[in-house]
Amino acid sequence: MEEKQLLRDQIFSSLRRDIIEGKYEKGDILVESEIAKNFGVSRTPIREVLRQLELEGLVESVPNKGVFVQGISQDEIKDIYEIRTVLEGLAGKRAAENITQEQLELLRETCDLMEFYTEKDNMEKVAKYNTRFHEIIFEASNSRFLKNMLNLLQDYVTKMRRHSLKQPGRAQKALDEHKAILNALENKDSEMASKLLTEHVKNSSKILFK
């Protein structure tokens, strides 16, 4: 049962990521039999996965017609960033109060890697470690619910983060912002950490929607 659940979760994550990142366009039909064949499973777990995706609003099941991709609208993207702004500010405050030396060391290493790949102009790697930086802060917030909510939003912003970082000058500016956030966390300055993370997300959204 655990193996079956793990497989369903993997299929769900894969399809969800493909929809969010635009592999499927709005209006595309997801055919159970084709997806089942691609993953080498029966149609039962695929049916369950499609129901999960529908609950999240990423697909819509139309009786006698099929399951259609809904994707994400620009208004929904804006909504995601507004929510991120509030939650990441809270995560920064909590992280400053609870972060461990081990987590601080991980953040330093991640910042160093972001700097290295920024200099190499490798935005895929920069985006990867940018995401990792935020995930460490979520973990350091020491709040299971806050971490889960922010990790859910992370899935939605991965593609947008890559796009934002490719804008002229944004990667270096984002690196500077991450260094400032790290400094606030090292100093256990919860108010500053919250303020800087809030500004960081706002700056990302401004670049994205510009």
Only helices counted: for the chain, with every DSSP H run of 4 or more residues adding -39500 (n - 2.57) and the sum spread over all residues, [θ] at 222 nm is -26000 deg cm²/dmol
Taking placed amide H atoms and a strict 5 Å upper bound, the residues 5 or more places from residue 41 or on another chain that come that close are none
The chain: projected area of the alpha-carbon convex hull, averaged over directions, in nm²: 12.9
Within region 57-75, which residues have the backbone N less than 16 Å from the label spot 7 Å out from residue 158 along Cα→beta-carbon, could you tell me? 72
Taking the 0 to 90 degree range and rounding to the nearest ten, how far is the long axis of helix 43-55 tilted relative to the main principal axis of the chain, both from C-alpha atoms? 50
So what's region 1-100 giving for Cα Rg divided by 2.2 N^0.38 Å, two decimals? 1.34
Helix 123-140 sits at what angle to the longest principal axis of the chain, using alpha carbons and giving 0 to 90 degrees rounded to 10? 80
Can you pull out the trypsin sites (Lys or Arg not before Pro) in region 58-147 that DSSP calls coil and that have at most 12 other Cβ atoms within 10 Å? 65, 120
Calculate the spin-label point distance for residue 76 paired with residue 54, positioning each point 7 Å from the Cα along the beta-carbon direction, and give it in nanometres. 1.6
With charges only on Cβ, +1 for K and R and -1 for D and E, what is the dipole size of region 2-69 about its Cα centre, in debye, rounded to 20? 140
Given an 8 Å cut-off on Cα distances and at least 6 residues of separation, report the relative contact order of region 2-69 as a percent. 39
Among 27, 126, 151, flag the residue with its Cα farthest along the positive direction of the charge dipole of the chain, charges on Cβ as +1 for Lys/Arg and -1 for Asp/Glu. 27
What is the dipole size for the chain, taken about its Cα centre, with +1 at each Lys and Arg Cβ and -1 at each Asp and Glu Cβ, in debye to the nearest 20? 400
Under 9 Å, Cβ to Cβ, from residue 147 - net charge with Lys/Arg +1 and Asp/Glu -1: -1
Could you work out how far apart the two model spin labels at residue 189 and residue 9 are, taking each label as a point 7 Å from the Cα in the direction of the beta carbon, and quote it in nm? 3.9
Hey, what angle do you get for helix 190-209 against the long axis of the chain, alpha-carbon based, 0 to 90 degrees rounded to 10? 50
Scalar couplings 3J(HN,Hα) for region 108-113 by Karplus 6.51 cos²θ - 1.76 cosθ + 1.60 (θ = phi - 60°), nearest whole Hz, x for Gly and Pro, are 4, 4, 5, 4, 4, 5
Dipole axis of region 34-171 (+1 Lys, Arg; -1 Asp, Glu on Cβ), positive-most option in 40, 80, 140: 40
Between the alpha carbon centres of region 55-110 and region 114-146 the gap in Å comes to 14
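Taken together, the values in this text are just the output of simple stated rules run on the coordinates, not laboratory data. The shown structure was predicted, so the numbers you read here are calculated from the model rather than taken from an experiment. Reconstructed Cβ throughout: ideal geometry from the backbone, glycine too, with neighbour counts over all protein chains shown.
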